[in-house]
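The values are calculated or read from the model by the stated rules, or taken from the named source; none is laboratory data. Bear in mind the structure is a predicted one, so any value in this text is a computation, not a measurement. Virtual Cβ from ideal backbone geometry, glycine too; neighbours counted across all protein chains shown.
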Amino acid sequence: MKKVRNIVIGGIQQKVFNLVLITVLLIMAAYTAVVIYQSGSLNRLMEETNEQQRQSISDISRGTMDSVLDASFTESTQMQAYIADSYFGGAENVVRMLGDYAGHLFADPEAYGLRAVSLPDKARDGEISAQLLTEEGVDLNDPRIRAELGLIGNMTDMMTALYRNANVDSCYVALPSGVMLLVDDHPSSKFDEAGKLRSIPIRERAWYTGAVEKGELCYTDVTRDHYTGEISVMCALPVYHEGRLAAVIGADLFMNNMSAAVSASVKDGSFVCIINEKGHVVFSPQAEGAFRAMPDEQAQDLRESADKDLAEFVKTALKENTGVRTAAISGESYYMAGAPISRVGWAIVGVVSKEAMDQPTVMLETQYDNIQQGAVERMQSGLGMAKVMIIVLLILVFALCASAALAVSKRIVKPLEAITKRVSSLGGNDLQFFVEKEFRTGDEIEVLAESFAALSAKTLQYVEQVKHVTAEKERIGAELKMATEIQASQLPRLFPPFPTRTEFDIFASMDPAKEVGGDFYDFFLVNDDHIALVMADVSGKGVPAALFMMVSRVLIKSRLQSGETPSEALKNVNNQLCEGNNAGLFVTVWLAVLEISTGKGIAANAGHEHPALRRANGPYELVTYRHSVAVAAMEDVPFKQHEFQLHPGDSVFVYTDGVAEATNENKELFGTDRMLAALNRDPDAIPQQVLKNVQQDIDAFVAGAEQFDDITMLCLKYNGPKKRARENHTEK
């Protein structure tokens, strides 16, 4: 490189100058050639371009409108269907909860007292109340009916709470004897104009007959409420006891809001209607045409419509989301989107006229034609003047650019050299780059210098952060390790736990999915002749579940050691855990107390997995029976217990759902069939080997897939009562 009159020949300064100068010359030459060429053919190109742009705008506009329609219209229809389905789902949840509670009442009536039920009271209008309703001629003094009413009267509090918090307009339980318990806030509707209490043909109502005929949860067609006359849909569920119909549970949903929303949906040529499972339009803002709502006996089944597009569309909409489709109905084209309301078998259909959707495109084309015509006229008038101005400007641009290239090249090179020198000096403990005065150029060079300064500062900051994060990670790891050790120390880990007891062999294990888990097992001697066995699974994972587990274990053990039976212990522990349970945690529990000398046992199952039982010389088999609810799920609920008998050589295997729900990479569950196969691979094995066999099969099945749930197991083998010393020695 050589320096001549402050210009470095061969350096960046010369290269920048040459680059700018050459670029300017090329731009000027190209621009001149383009101007000369365009001046001769501009009119022809303008005409062609105008037509092409007009067609392009039309295509893009229609495509954009179709795209927006497909996205927004489909999403809107699906969202409305989802909301409607959730609306019906609320009623379904209410009915199922009441049905479950009623099932408990009829299954164990002795566990509940009799509670009085009153007739409707007009003075309580506007107040949520439970009311007794009957068919014509029912004798309320009949002892059997009075007993049935007293039993279902226990449902009053739950029905009142569900009515208050759920989106239903009434809920009720009807008995085959022609009486029913109903909860709502308008008891005055149960009286006629003369003030006389009106009867209701309970067993003839569609919700009652529909539930009995189907034998499962069902919805009625849109109908009128017997008392208020409101448009409504009823959800009903039959409850059976010992193979006979015990009651029919129901809830009313008034359709006023849905009807009003559909009526208000008309906007810019679009509207929404609702079609039931029969293909009849039940709600629509249209007063005529195919989408007009008519009484059920007069309504047309749109699935059989002469308009094939409409018939096919309705069939699909009742089953699945249709997306946007076009259909010709009575000679007019429409865009339609449908989505099913799955719970009731209905569908929501959005309809918009194709003519209304195309109107923005037509207006856009007209406006574009007007604008383009004015632009052509103005361009032609200014074209002549532009040619003269271009020549003058090109000469001035060349002179200015040549001068500017020389000045810019000098300005760029000087601070770059200073930055290069400073960056080269960085090293060792000197890693901080500062923006000095000569770097303040107000352009990209200053930004480059600031970037170097920021980078050096962040580098130093990152080093400090790495040190801090490393220390924090080590601390958290140590605390989690300690938590794991504390949790493990709470469970029996020393095997054999009772070396002097030969009446049984026992082994248990827990493999948490996280550092700490919610499963736990326990076993302990209640007294010298009774051993307690516990297998439980707390909802949730991590530290909260572990804390809940420890509290549950202590409470259960304390109750059993105080002499309570399994059902009594679970009932008392349930009430204790419900107090202050703001996190909504609950625990499933299998609990048993075994009399060691006889093999007789009492077990209770609070929502836990079915245990596996092996009789001597036989295979392991699941013992299935109806469970009680989980502990801490609901206050003041009873827990059932049952007796069982173990004989010498029998074994019991209990576990948490982490065993059956272990999942491989194909999302397949291990399941109880594979678990039984693992147990029966060596059924005579000692408990420790039994658990090892199951764990080996689980590990082989999941093949390294991530474990999402704790795996906890316990096995007890009953050897029989201990023989006395005189039976073990010969007489002298």
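Condition first: surrounded by 19 or more Cβ atoms within 10 Å (Cβ to Cβ) and part of a strand (DSSP E or B). Can you find one or more residues in the range 594-602 that meet it? Yes, there is a match, as at least one residue in the range 594-602 is surrounded by 19 or more Cβ atoms within 10 Å (Cβ to Cβ) and part of a strand (DSSP E or B). With respect to the numbered conditions (1) more than 32 Å from the chain's Cα centre (by Cα); (2) modelled with pLDDT under 95, which one is the sole condition not fulfilled by Tyr219? Tyr219 satisfies all of (1) more than 32 Å from the chain's Cα centre (by Cα); (2) modelled with pLDDT under 95 except (1). For Val573, state whether it is under 32 Å from the mean Cα position of the chain (by Cα), farther than 12 Å from Ala606 by Cα and part of a helix (DSSP H, G or I). It is false that Val573 is under 32 Å from the mean Cα position of the chain (by Cα), farther than 12 Å from Ala606 by Cα and part of a helix (DSSP H, G or I).
Screening Gly584, Gly599, Gly580 for residues that are at positive phi, in contact with an Asp or Glu (Cβ under 9 Å, 6 or more places away or on another chain) and in the same structural domain as Asp636 (by TED's automatic domain parsing) leaves exactly one candidate, Gly599. Looking at Asp699, Asp710, just one residue is at pLDDT below 95 and surrounded by 17 or more Cβ atoms within 10 Å (Cβ to Cβ), and that residue is Asp710.
When Gln641 is tested against (1) among the polar types (S, T, N, Q); (2) under 30 Å from Ala102 (Cα atoms); (3) surrounded by fewer than 18 Cβ atoms within 10 Å (Cβ to Cβ), just one condition goes unmet, and that condition is (3). Looking at the range 284-292, can you tell me whether even one residue there is out of contact with any helix residue (DSSP H, G or I) (no Cβ under 7 Å at 6 or more places or on another chain) and aliphatic (A, V, I, L, M)? Within the range 284-292 (the criterion being out of contact with any helix residue (DSSP H, G or I) (no Cβ under 7 Å at 6 or more places or on another chain) and aliphatic (A, V, I, L, M)), the answer is yes, since at least one residue qualifies. Residues that are in contact (Cβ under 8 Å) with a residue 24 or more places away in the chain, under 22 Å from Gly99 (Cβ atoms) and not hydrophobic (A, V, I, L, M, F, W, C) occur in the range 181-196; there is at least one.
Scanning the range 603-616 for residues that are among the charged types (D, E, K, R) and either crowded, with 19+ Cβ neighbours inside 10 Å or part of a strand (DSSP E or B) (or both) yields Glu609, Arg614.
Each residue in the range 499-522 was checked for being surrounded by 16 or more Cβ atoms within 10 Å (Cβ to Cβ) and closer than 19 Å to Asp650 by Cα, and 7 pass. When the range 558-570 is filtered for residues that are in a helix (DSSP H, G or I) and surrounded by fewer than 18 Cβ atoms within 10 Å (Cβ to Cβ), the ones remaining, listed by number, are Ser558, Gln561, Glu568. Consider Leu525 carefully, then state whether it is surrounded by fewer than 16 Cβ atoms within 10 Å (Cβ to Cβ), aliphatic (A, V, I, L, M) and either in contact with a Lys or Arg (Cβ under 6 Å, 6 or more places away or on another chain) or closer than 22 Å to Leu716 by Cα (or both). For Leu525, the condition - surrounded by fewer than 16 Cβ atoms within 10 Å (Cβ to Cβ), aliphatic (A, V, I, L, M) and either in contact with a Lys or Arg (Cβ under 6 Å, 6 or more places away or on another chain) or closer than 22 Å to Leu716 by Cα (or both) - is met.
Output the residues belonging to the range 169-178 that are within 14 Å of Leu149 (Cα to Cα), surrounded by fewer than 24 Cβ atoms within 10 Å (Cβ to Cβ) and touching a Leu at 6+ places or on another chain (Cβ under 7 Å). Hit for the range 169-178 is Pro176, nothing else. Residue-level check: of (1) in a loop (DSSP other than H, G, I, E, B); (2) touching a residue at least 40 places away in the same chain (Cβ under 8 Å); (3) among the small types (Gly, Ala, Ser), Gly658 misses just (1).
Of all residues in the range 216-248, which are out of contact with any helix residue (DSSP H, G or I) (no Cβ under 9 Å at 6 or more places or on another chain) and acidic (Asp, Glu)? Glu216 - this is the single residue of the range 216-248 that is out of contact with any helix residue (DSSP H, G or I) (no Cβ under 9 Å at 6 or more places or on another chain) and acidic (Asp, Glu). For the range 190-215, filtering for residues that are out of contact with any helix residue (DSSP H, G or I) (no Cβ under 9 Å at 6 or more places or on another chain), surrounded by fewer than 17 Cβ atoms within 10 Å (Cβ to Cβ) and not in a loop (DSSP other than H, G, I, E, B) leaves 4.
Residues of the range 685-726 that are touching a residue at least 40 places away in the same chain (Cβ under 8 Å), outside any helix (DSSP H, G or I) and within 25 Å of Ile596 (Cβ to Cβ): Ile686, Thr712, Met713, Leu714, Cys715, Leu716, Lys717, Tyr718, Asn719, Gly720, Pro721, Lys722. Given the condition in contact with a strand residue (DSSP E or B) (Cβ under 6 Å, 6 or more places away or on another chain) and part of a helix (DSSP H, G or I), answer yes or no: does some residue in the range 104-118 qualify? Yes, some residue in the range 104-118 is in contact with a strand residue (DSSP E or B) (Cβ under 6 Å, 6 or more places away or on another chain) and part of a helix (DSSP H, G or I). Contact map, the range 73-88: residues that are in contact (Cβ under 8 Å) with a residue 12 or more places away in the chain paired with residues that are among the charged types (D, E, K, R) and surrounded by 16 or more Cβ atoms within 10 Å (Cβ to Cβ), Cβ distance under 6 Å, separation 6+ or inter-chain. Pairs shown: Asp85/Arg343; Phe88/Arg343. All told, Arg62 meets the bar of being modelled with pLDDT under 70, of a type in the set (D, E, K, R) and surrounded by 14 or more Cβ atoms within 10 Å (Cβ to Cβ). Residues in the range 259-283 that are over 19 Å from Lys319 (Cα atoms), out of contact with any helix residue (DSSP H, G or I) (no Cβ under 7 Å at 6 or more places or on another chain) and not hydroxyl-bearing (Ser, Thr, Tyr): Ala260, Ala261, Val262, Ala264, Val266, Lys267, Phe271. When Thr160, Thr209, Thr134 are checked against the criterion of being of a type in the set (Ser, Thr, Tyr), closer than 30 Å to His627 by Cβ, at pLDDT 90 or above and in the same structural domain as Met255 (by TED's automatic domain parsing), Thr160 stands alone in meeting it.
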